[in-house]
Amino acid sequence: MKIELIEAIPYAIPYARPLKFASGEVTTADHVLIRIHTDNGIMGVADTPPRPYTYGETQDSIVSVVTKIFAPQLIGLDPLDRSKVQQILRRTVHNPTAKGALDIALWDIIGISLGTPVHKLLGGFTDRMRVCHMLGFKPAAELLEEALRFRETYGINTFKLKTGRRPLSLDVEASQVLRDGLGADTEIYLDANRGWTANEAMEVLRRTEGLGLSMLEEPCDAGEAMGRRRLVQHSTIPIVGDESVPTLGDVSRELLSGGSNAICIKTARSGFTEAQQILGLCEGMGVDVTMGNQIDTQVGSLATVTFGAAFEASSRRAGELSNFLDMTDDLLAEPLEITGGTIRVREVPGVGAVVDAEKLTKYRQD
Ligand code: MUC
Ligand code: MG
């Protein structure tokens, strides 16, 4: 089996409910669909979300790096030669979501060619994950209304609150209102997307003490190493690295330097191959992981649950798997469903992301 053709298809689907956070805002999913074709007629599929404020990638840059840099080096390779593929991807720096999608599409091909679901090939631990819903910037009363609605409608009982606003009282109040309105048995954690300084984050931790928040993600710039290390040392809850740890090397650096003591894994930027290496590193170090969300579509969310459900350590916590519900439409032919607060893997060969051809024609931009 050989890779014959790689497509990078830009498309745009508007959000019904845009998501705002400290480092940016999404109003349209202007993503790139990756399709890899083999000489024996198999097609692997994955999705890439451009996040210029996180990784420097744009829709154009993803199309360009995939078609001009990666495709010429990957065409002709056997998708099963995964280490050869990884070596080629690593030779070009950055571009994490372009690389992640290529890796996922190749795993899709491997699963289809073996007639086996990819969640089984990876580890086969469970067939579903609990779901965490991510709440963007909104007035506190609206946040509570949204969380209560998601709990009632989908059975979701874990919420990640986007924070990093100034004045700090906005996020302190939102945390308090959510805890009061949701009660003690709902998990709530915060993600500031580097919106604060380390000292501001410490003040927020002081002012929210007693609310039972479970984690604080990317509170400040991890590059400001001393402040971040002091915060990690003083916090009683895990400080989660997200955009500071897109690669295996970044994870080892942040864990060793004390910049984070929990790690967010995102398949959108790590694919399945590097995500598995990151997971192994974290398990070995005794560090918790979360399965994060790159504000993924259904195609992207299916990849996250495929990986997350495959291992015990990645399925322990609720995964961030529900923000596709904020979109007006999606490319996936058979929609994902969240029931009883969980989302299931697909028991079909590959990852199971079958794209609706009419919808792709409608939304594609090329
Ligand atoms: C997160 O965890 O930071 C914000 C932008 C994006 O693409 O993903 C997020 C969620
Ligand atoms: Mg984050």
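The values are calculated or read from the model by the stated rules, or taken from the named source; none is laboratory data. Predicted, not measured: the structure shown is a model, and the values here were computed from it. Reconstructed Cβ throughout: ideal geometry from the backbone, glycine too, with neighbour counts over all protein chains shown. With ligands, DNA and RNA removed, areas are computed over all heavy atoms of the protein, side chains included. Shrake-Rupley method; radii C 1.70, N 1.55, O 1.52, S 1.80 Å.
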Flag if THR158 is within 16 Å of ligand 2 (Cβ to nearest atom), closer than 24 Å to THR54 by Cβ and surrounded by 15 or more Cβ atoms within 10 Å (Cβ to Cβ): yes
Some residue of the stretch 229-238 being open to solvent by 10 Å² or more (accessible area, probe 1.4 Å), modelled with pLDDT of 95 or more, under 19 Å from the mean Cα position of the chain (by Cα) and of a type outside the set (Lys, Arg): yes
Cβ pairs under 7 Å, 6+ apart, first in the stretch 115-141 and under 17 Å from VAL172 (Cα atoms) and touching a residue at least 12 places away in the same chain (Cβ under 8 Å), second of a type in the set (D, E, K, R) and open to solvent by 20 Å² or more (accessible area, probe 1.4 Å): GLY136/LYS20; PHE137/LYS20; PHE137/ARG165; ALA140/GLU173
Matching entry among ALA12, ALA22 (being open to solvent by 20 Å² or more (accessible area, probe 1.4 Å), in contact with an Asp or Glu (Cβ under 7 Å, 6 or more places away or on another chain) and not polar (S, T, N, Q)): ALA12
Selection count, the stretch 97-146, where residues are closer than 17 Å to ARG344 by Cα, among the small types (Gly, Ala, Ser) and open to solvent by 40 Å² or more (accessible area, probe 1.4 Å): 1
Residue within the stretch 147-165 that is charged (D, E, K, R) and either farther than 20 Å from ASN323 by Cα or at pLDDT below 95 (or both) present: yes
Qualifying residues in the stretch 37-68 (those that are open to solvent by 60 Å² or more (accessible area, probe 1.4 Å) and within 16 Å of ligand 2 (Cβ to nearest atom)) - the one nearest to ALA12 (Cα to Cα): PRO52
Criterion: under 22 Å from SER175 (Cα atoms) and open to solvent by 10 Å² or more (accessible area, probe 1.4 Å) - qualifying residue of ASP288, ASP221, ASP242: ASP221
Selected residue [within 16 Å of ligand 1 (Cβ to nearest atom), modelled with pLDDT of 95 or more and over 17 Å from the mean Cα position of the chain (by Cα)] from GLN73, GLN59, GLN87: GLN59
Looking only at the stretch 283-313, and only at residues there that are within 16 Å of ligand 2 (Cβ to nearest atom) and part of a helix (DSSP H, G or I), the one that is nearest to ASN261 (Cα to Cα): GLY308
Within the stretch 84-96, tally of residues that are under 22 Å from LEU121 (Cβ atoms) and open to solvent by less than 100 Å² (accessible area, probe 1.4 Å): 4
Positions within the stretch 259-284 being in contact (Cβ under 8 Å) with a residue 12 or more places away in the chain, over 24 Å from GLU57 (Cα atoms) and open to solvent by 20 Å² or more (accessible area, probe 1.4 Å), in sequence order: ASN261, LEU281, GLU283
